[in-house]
Amino acid sequence: METGMISVRMPKSLIDELRQTAKNNHFMDLSEELRFVIKQNYQRSLDPYEYELNQFRDEIKKELTNQNKENRTRMINELKNLLEEIKNE
């Protein structure tokens, strides 16, 4: 893979927004965030249906993870209540 360097002029507000997004997405610096955005848009333009399918998969995984966390929390609370009932008897 051949690499190259480019220079891009952007408004300060956009740079600040990209820096914040890079921080939230745990990227090391702004260049990693830009590579991610460019790659994501490139993949979207190559095959939009596959990109959307991958987005749906990610959303489903997140929903399942959230449901599992909620179920675990509910079960833990129920077990704590049972323990309290046993202690009170």
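Derivation of every value follows stated rules applied to the coordinates shown; laboratory data play no part. Nothing here was measured: the structure is a model prediction, and the numbers come from that model. Note that each Cβ is placed from the backbone with ideal geometry, even for glycine, and that neighbours are counted across all protein chains shown.
Note the angle between two axes, namely the Cα long axis of helix 30-46 and the longest principal axis of the Cα atoms of the chain, as a number of degrees from 0 to 90, rounded to the nearest 10. The angle comes out at about 90 degrees. For the chain, the longest principal axis of the alpha carbon atoms and the long axis of helix 48-88 meet at an angle near 20°.
Compute the FRET efficiency between ARG57 and MET1 as 1/(1 + (r/R0)^6), taking r as their Cβ-Cβ distance and R0 = 25 Å, and round to the nearest 0.05. Plugging the Cβ-Cβ distance into 1/(1 + (r/R0)^6) gives 0.40. Counting only Cα atoms, the size of the range 25-84 along its three principal axes is 56, 30, 5 Å, in decreasing order. Rg of the Cα atoms in the range 49-89, relative to 2.2 N^0.38 Å, amounts to 1.98. Compared with the direct C-alpha span, the chain from THR65 to ASN77 gains 2.5 nm at full extension, assuming 0.36 nm per residue. Estimated from helices alone, the mean residue ellipticity of the chain at 222 nm is -28000 deg cm²/dmol (sum of -39500 (n - 2.57) over DSSP H runs with n ≥ 4, per residue).
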